[in-house]
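We did not get these values from a lab; they are worked out from the coordinates using the rules stated. Remember, it's a predicted structure, so these values are computed and weren't measured experimentally. Virtual Cβ from ideal backbone geometry, glycine too; neighbours counted across all protein chains shown.
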Amino acid sequence: MVAGLSALLSRRSGPDLMPQGRLAGPMPWVIAIMVALTVIAAAAGLALSNTARNAADSLSGGVTVQVVEANPAERDRQAQAVAAALRAVPGVGEATVVSQAELEKLIEPWLGVRTGEDQIPVPALVDVRLRNGVDGEKLGQLRRIARQVAPAARVDAQSSWLKPVFGAIDSLQWLALALVALLAFALAAAVLLAVRTALGTNRDTIEIVHLLGGTDSQIARIFQRAIGFDAAGGGAVGLALGLVVVLALGQRFSGLGAGLIDSGALDWIDWILLALVPIAGVLLATLTARITVMRALKKIL
C-alpha cells in the first residue's frame with residue numbers, strides 16, 4: 001500500500017496537481033518580475049545607505065571657513081592668518097587654505113570659466129579638520145578665533161550643509177524598504193492565488209489521494225516542490241535582469257563624477273545581499289504554498 005501510494009503521489013506531483021511546467025506558465029515569469037524589481041529596489045536602498053554613511057564619515061569633524069573680502073591680496077592674507085590661528089587651537093588636526101585653482105574648478109559647473117579681473121570675487125576657503133566631532137561649543141570657539149583675524153569670516157560645520165540631503169536620503173531609503181516589503185507581499189499573494197486555483201481544480205484528485213492514505217503533509221510537499229521549481233527558475237531570471245539594470249545604472253551614474261554619487265557604489269557585501277534575494281523568494285514562495293495548502297486541506301476534510 002505504501003509503495004502504491006508513493007507511486008500515485010509521484011505521478012500526481014507532475015502536471016495533474018500543478019499543470020504549469022517550469023518556466024512554461026505565468027507563475028515563473030511573475031516571480032521573475034517580482035525578483036527583478038526587488039533587486040533594483042534593494043540595490044537603490046543599499047547605494048543610498050552607502051552614500052549617507054560615507055558622506056557622514058568624510059564630513060565628521062570637518063569645518064569650512066569662508067573669508068569674504070573684495071581685495072584679493074587682503075583676502076589671501078586673511079585666509080592664511082585664519083589657517084595659522086586655527087592650527088594652534090587644541091583639537092584641530094589641520095587647517096588648509098583651498099587654492100584658487102581648486103575653487104575655480106568647484107564653481108566652474110555653475111559659473112563657467114572665469115577670466116579677467118572684473119569677475120565677482122569668490123571667498124577664500126579654509127578647510128579645517130578636527131580630531132573629534134564638531135559640536136556647538138567647538139564651533140563657537142573656532143568662529144571667535146577666526147573673526148579675530150578676519151572679521152567677515154563665516155565658520156560652518158560641513159555636515160550642516162548636507163542636512164537636507166541626508167533627510168532626503170533617509171526618506172528614499174525608507175521608500176526602498178517599503179517597496180521591497182510590498183514586492184514580497186505581492187509575491188506571496190501571487191503564490192497563494194496560484195495554489196488556491198490548483199487546489200480547486202484538482203479537488204477530486206486530492207480526495208482520492210486522501211482515500212488511499214495520503215497525508216496533508218505529503219500533498220503539501222507536492223505543491224511546495226512545484227512552486228519551488230517555478231520560484232527557482234523565475235528567481236534566477238529575475239536576478240539576472242535586475243543585475244543587468246543595476247550595472248547599467250551604475251555605469252551611467254559613475255560617469256557623472258559627483259562625489260556623493262561615487263560614494264554610493266556597492267561593495268562586495270551588497271552584491272552578496274542582492275544574490276540572496278531570489279533565495280529569499282524561493283523560501284517565501286514555498287512557505288506560502290505549504291501554509292496555503294495545509295489550511296485549505298483542513299477546511300476540505
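Remarks
- Note, ³J(HN,Hα) from phi for the stretch 278-284, Karplus 6.51, -1.76, 1.60, rounded to Hz, x at Gly and Pro: x, 5, 4, x, 5, 4, 5
- Extension gain, residue 294 to residue 279: 0.36 nm times the residue separation minus the Cα-Cα distance gives 3.1 nm.
- Spin-label pair residue 245/residue 184, simplified geometry with 7 Å Cα→Cβ offset, distance in nm: 1.9
- Under 5 Å, built H, 5+ apart or other chain: amide partners of residue 98: 125, 126, 127
- In order along the stretch 83-93, the phi-based Karplus estimate (6.51 cos²θ - 1.76 cosθ + 1.60, θ = phi - 60°) of 3J(HN,Hα) comes to 4, 5, 5, 6, 5, 7, 7, x, x, 8, x Hz; Gly and Pro are listed as x.
- Full-extension gain in nm, residue 87 to residue 168, via 0.36 nm per residue minus C-alpha separation: 25.7 nm
- Extension gain (nm, one decimal) between residue 94 and residue 74, 0.36 nm per residue minus Cα-Cα: 5.0 nm
- Cut-off 12 Å between beta-carbons: net charge of the residues surrounding residue 153, Lys and Arg +1, Asp and Glu -1: +3
- Each residue of the stretch 286-294 was assigned a 3J(HN,Hα) from its phi angle through the Karplus expression (A = 6.51, B = -1.76, C = 1.60, θ = phi - 60°), giving 5, 5, 4, 4, 5, 4, 5, 5, 4 Hz with x at Gly and Pro.
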